[in-house]
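The next block holds one structure in the form of structure tokens; read it before the comments.
The values are calculated or read from the model by the stated rules, or taken from the named source; none is laboratory data. If you're wondering where the values come from, they're calculated on a predicted model, not measured in any experiment. All Cβ positions, glycine included, derive from the backbone under ideal geometry; neighbour counts span all protein chains shown. Surface areas here come from the heavy atoms of the whole protein model, side chains and all, with no ligands, DNA or RNA. Shrake-Rupley method; radii C 1.70, N 1.55, O 1.52, S 1.80 Å.
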Amino acid sequence: MGLFGFGNKQPLAGKRIAIIATEGVEQVELTSPRKALEKAGATVELVSPHKLIKGGKIKAWNLVKWGDSFKIDVNLSQAKVSAYDGLHVPGGVINPDILRMNTDAVEFVRSFFEAGKPVSSICHGPWMLIEAEVLRGRTLTSWPSLKKDIRNAGANWVNEEFVRDGRLVTSRGPQDLHAFNKQITKLFEEA
């Protein structure tokens with residue numbers, strides 16, 4: 001309980017959360033969780049392997065067309081897992097497909113699991129978890145088209161708005177963001 005027994009209005013105060021993304025990240029899967037985590041008091045940094053020569057920004061995908069550009073806070077080459085309390089992996093089809101081809105990005109994601117730090121992922125984001133080989137024996141959800149990929153990675157796929165398996169919270173897509181954001185705030189608070 002916070003001051004005067006009313007509960008802590010910012011349960012993530014003092015926590016640092018990384019969001020790993022690149023070109024084509026689904027805009028709302030970046031912005032909505034980021035806003036929820038910042039509202040809860042976290043410092044959230046956008047980590048990207050994207051070259052900083054384009055002004056240090058990545059272009060998001062907004063459902064059916066290109067969306068806004070977002071400033072990269074930390075280049076992946078400079079990011080240290082030890083500097084963060086947790087990781088969020090947004091989806092979109094383009095974003096994780098590019099990231100899973102980058103060995104440094106895959107290792108960055110894997111390192112959060114090896115360190116026992118909490119991770120959240122939504123939509124096509126679990127492609128990164130498959131590539132990082134961290135799903136065997138877990139239960140999770142994702143965009144439905146990943147069901148077979150997840151099962152082939154040794155995990156149990158379920159069709160639910162969110163799933164928590166230990167220090168991992170996953171969700172299907174933008175339609176589930178309200179419930180997902182509540183769950184990831186709890187996840188990172190407990191870390």
Scan of the stretch 41-56 for residues that are modelled with pLDDT under 95 and more than 17 Å from residue 125 (Cβ to Cβ), ordered by number: 51, 52, 53, 54, 55, 56
Close pairs (7 angstrom Cβ cut-off, 6 or more residues apart or separate chains): closer than 20 Å to residue 150 by Cα in the stretch 172-184, among the small types (Gly, Ala, Ser) and modelled with pLDDT of 95 or more anywhere: 172/142; 180/171
Tally of residues being in a strand (DSSP E or B) and of a type in the set (A, V, I, L, M) across the stretch 38-80: 6
Residues that are more than 14 Å from residue 171 (Cβ to Cβ) and surrounded by fewer than 24 Cβ atoms within 10 Å (Cβ to Cβ), drawn from the stretch 119-139: 130, 131, 132, 133, 134, 136, 137, 138
Any hit, the stretch 96-105, residues being touching an Asp or Glu at 6+ places or on another chain (Cβ under 9 Å), open to solvent by 10 Å² or more (accessible area, probe 1.4 Å), closer than 13 Å to residue 20 by Cα and among the aliphatic types (A, V, I, L, M): yes
Subset of the stretch 113-134 that is among the hydrophobic types (A, V, I, L, M, F, W, C) and touching a residue at least 60 places away in the same chain (Cβ under 8 Å) - its residue that is nearest to residue 63 (Cα to Cα): 123
Residue 59 being under 18 Å from residue 34 (Cα atoms), exposed (fewer than 14 other Cβ atoms within 10 Å of the Cβ) and among the basic types (Lys, Arg): no
The stretch 151-180: number of residues that are assigned to a helix (DSSP H, G or I) and either open to solvent by 50 Å² or more (accessible area, probe 1.4 Å) or touching a Ser or Thr at 6+ places or on another chain (Cβ under 6 Å) (or both): 6
Any chance residue 142 is modelled with pLDDT of 95 or more, in contact with a Pro (Cβ under 6 Å, 6 or more places away or on another chain) and crowded, with 21+ Cβ neighbours inside 10 Å: yes
Residue match in the stretch 125-142 (condition: under 17 Å from residue 46 (Cα atoms) and either touching a helix residue (DSSP H, G or I) at 6+ places or on another chain (Cβ under 8 Å) or of a type outside the set (Val, Ile, Thr) (or both)): yes
Condition check for residue 92: open to solvent by 10 Å² or more (accessible area, probe 1.4 Å), on the phi > 0 side of the Ramachandran plot and at pLDDT 95 or above: no
Residue within the stretch 19-40 that is polar (S, T, N, Q), over 21 Å from residue 119 (Cβ atoms) and modelled with pLDDT of 95 or more present: no
Counted residues, the stretch 7-39 - those being among the charged types (D, E, K, R), more than 14 Å from residue 87 (Cβ to Cβ) and more than 12 Å from the chain's Cα centre (by Cα): 5
